[in-house]
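Encoded as structure tokens, the structure appears first; notes follow it.
Where a number appears in this text, it was derived from the coordinates with a stated rule and is not lab data. Remember, it's a predicted structure, so these values are computed and weren't measured experimentally. Heads up, the Cβs are rebuilt from the backbone with ideal geometry, glycines too, and the neighbour counts pull from every protein chain shown.
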Amino acid sequence: MASSSSLKFFSLLISSLAIVQMAIADPDILTDFVAPPNGTVDANFFTFTGMRVLVGGDEPKNFTVLKATMAEFPALNGQSVSYAVLEFPSGTTNPPHTHPRSAELLFLIEGTLEVGFVDTKNNLFTQNLQAGDLFVFPKGLVHFQYNADSQNPALAISAFGSASAGTVSIPTALFATNIDDNVLALSFKTDVATIRKLKAGLAPKP
């Protein structure tokens, strides 16, 4: 007969495995899909038309992201998938950021991109992508994309293994969230005046 300590250890092991499983994916659902609380489910519920603006539309002047996540497309709730279209005018960047709940698989459709990520050992992995290339950014790691071409735009599609991958912009998180200037100055080994200039550069334009 198993001892109480063995049973306790076994229970803890099972619990920890369950927690890990919950952490690596969106929660499983027990139905085919998650219906809206107050709405009719027909084919329209499973259709997202927000990308139609890309067809025949004008190229943006700034880096632009069009998302199809659970927030924009409720039918994705429980499906562990989402999508984004990234438009890079010449010389623009998607600043360093993370997706805490999913890896990102980027497919470059048009143009060229410099991409990279930093792992937990502070190793930088970079690549110059051409149209037709794919690149994976591991879950939760800081990464970026940059269109260094001064003449031509770039267009990419990113797929995520979560209906709500989340995005944490590093510049915004550091310099637009009221973190104390002294904390940032000490962290970056600079002065408060420099930190305030960085914060002013991220402030919304009137």
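Quick notes
- Under 22 Å, Cα to Cα: Lys pairs in the chain, sequence gap 8 or more or different chains: 7
- Among VAL183, VAL136, VAL53, the residue with the largest mean-square fluctuation in a Gaussian network model of the chain, with springs joining Cα atoms closer than 10 Å, is VAL183.
- Comparing SER90, SER150, SER187 in a Gaussian network model of the chain (Cα springs below 10 Å), the most mobile by mean-square fluctuation is SER187.
- Amide H contacts of GLN145 (H built 1.01 Å from N, in plane; Pro and chain starts excluded): ASN94 sit under 5 Å, all sequence-distant by 5 or more or on other chains.
- Mean separation of Cα contacts under 8 Å (6+ apart) over length of the chain, as relative contact order %: 21 percent
- The range 23-132: relative contact order as a whole-number percent, Cα under 8 Å and 6+ apart: 22 percent
- Within the chain, the longest run free of exposed loop sites, counting trypsin sites (Lys or Arg not before Pro) that sit outside DSSP helix and strand states (H, G, I, E, B) and have at most 15 other Cβ atoms within 10 Å, spans 122-188.
- Computed from the alpha carbon atoms alone, the convex hull of the chain holds 239 Å³ per residue.
- If you take all other residues with their beta carbon under 12 Å from the beta carbon of SER162, and give Lys and Arg +1 and Asp and Glu -1, the sum is 0.
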